[in-house]
Amino acid sequence: MIKKIGILTSGGDSPGMNACIRACVRTAAYYGIQVFGYKRGYEGLIDNDFLELKPESVSGIIHKGGTILKTARSKRFMTDEGIEQAVNNIKRSQLEGLVVIGGDGSFKGAMELSKHVSIKVIGCAGTIDNDLVGTDFTIGYDTAINTVVEAIDRIRDTAESHDRVFVIEVMGRDAGLIALRSAIAGGAEALLVPEIKHDMEDLIEKMKNWRSSKSSRIIIVAEGDETGGAYKVAEKIKEQYPEFDLRVSILGHIQRGGNPTCMERVNASIVGFNAVKAIMEGRSNEMAGIINNKICFTPFSRAVKHRQSLDKELELLVEILSS
Ligand code: F6P
């Protein structure tokens, strides 16, 4: 019987983390498990900075973006001293389980931790980038793409009024998954992502045949694209097509905030509930995710090694629908 677990959020925050925390806390309480919430990710474990979370502690948070536990990318946790301090605190508090909500870096930390202390660790994929294997959608992704699409719609209004070309940069340091879906939903004319090489050259070529009757053109660029971001893309287009009235818009961190969507809240709740149940069942070093509407568990070792790839059919869809 598990009596006490910890929970933390780590890495970049994402909408839906609070819904996941709430689900973990209330599931644990339902099964008579005490929960300690650690502040600022692994930093809180190192400093023993925690608060006890009861069902009432997570009232009124399901609809809020960010994370009530705060988050950090802990450099200290990458050192032997940092790990040692965290391990000592875990032992002193007699934690038997830990839920880590974060991305691949956070899961690497969890793997390292479990080498040094006997504790059941389960991960919940929390990142707007959706770049983890083992789940169809990470916590935060759905809200982020909805935010991006709303922004594209607004930009489209002004682009059409001026017959302009817009280059819109979206987040995704290593992945083009935010760019891909928002390009489809936003009716974009082109997509540039890190997973597709030479897409800049292809775009320049393609622009020769752009239908002249179009009054607006939207190009979505993932921040990690090898061209070097939206300003670089705009520069290259200008060199070839100086006649275009062109503007750049970088959406930035607005993509990380905001109230989670309905889908986000439900998925985050399902994953949080299953993370606690997994700890109770004795599972460890796995990430809880949802694939084809079913809960599934992926070893951290696999989750941190692979990235979710771009769906080729969706890439083709952008191409076909942009004609
Ligand atoms: O959370 C992932 C992510 O949003 C990336 O897409 C982006 O590159 C990065 O975080 C930026 O994070 P920060 O500004 O917190 O360093």
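Exposure proxy for Val148, Val87, Val170: other Cβ atoms within 10 Å of each Cβ, ordered fewest to most, give Val87, Val148, Val170.
Cα-Cα over 21 Å: which of Lys91/Lys305; Lys39/Lys75; Lys70/Lys91?
Checking Cα-Cα distances, Lys91/Lys305; Lys70/Lys91 exceed 21 Å.
Among the trypsin sites (Lys or Arg not before Pro) found in the stretch 174-216, those both in a DSSP coil and sparsely packed, with 15 or fewer other Cβ atoms within 10 Å of their Cβ, are Lys197, Lys208, Arg211, Lys214. Loop sites by DSSP among the chymotrypsin sites (Phe, Trp or Tyr not before Pro) of the chain, restricted to those with at most 16 other Cβ atoms within 10 angstrom, leave 32-209 as the longest stretch without any of them.
From the square roots a ≥ b ≥ c of the eigenvalues of the alpha-carbon gyration tensor of the stretch 1-125, which class results: rounded (a/c under 1.5), prolate (a/b over b/c), or oblate? Since a/c reaches 1.5 but b/c is at least a/b, the shape of the stretch 1-125 is classed as oblate.
About the centre of its Cα atoms, the chain shows a dipole size close to 1220 debye [charges on the beta carbon of Lys, Arg (+1) and Asp, Glu (-1) only; nearest 20 debye].
Rounded to the nearest 10 degrees, the angle from helix 312-321 to the longest Cα principal axis of the chain is 40 degrees.
Build a GNM of the chain with springs between Cα atoms under 10 Å apart, and of Ala230, Ala275, Ala125 the one that fluctuates most is Ala230.
Listed by chain and number, the lysines placed with their C-alpha closer than 25 angstrom to that of Lys312 are Lys197, Lys206, Lys208, Lys294; residues fewer than eight positions away on the same chain are left out. Past the 24 angstrom mark, what percentage of all C-alpha to C-alpha distances in the chain do you count? That tail contains 54 percent of the Cα-Cα pairs. In the elastic network of the chain, a GNM with C-alpha springs shorter than 10 Å, the most mobile of Arg22, Arg283, Arg76 is Arg76. Counting neighbouring Cβ atoms within 10 Å and putting the fewest first, the residues Val304, Val100, Val266 line up as Val266, Val304, Val100. By other beta-carbon atoms within 10 Å, ranking Glu223, Glu201 with the fewest at the front produces Glu201, Glu223. Among Gly140, Gly11, Gly82, the largest mean-square fluctuation in a Gaussian network model of the chain (Cα springs under 10 Å) belongs to Gly82.
No lab work stands behind these numbers, since they all come straight from the coordinates. A quick note: this is a predicted structure, and the numbers were derived from the prediction, not measured. Using ideal geometry, Cβ is built from the backbone for each residue, glycine included, and neighbour counts are taken over all protein chains shown.
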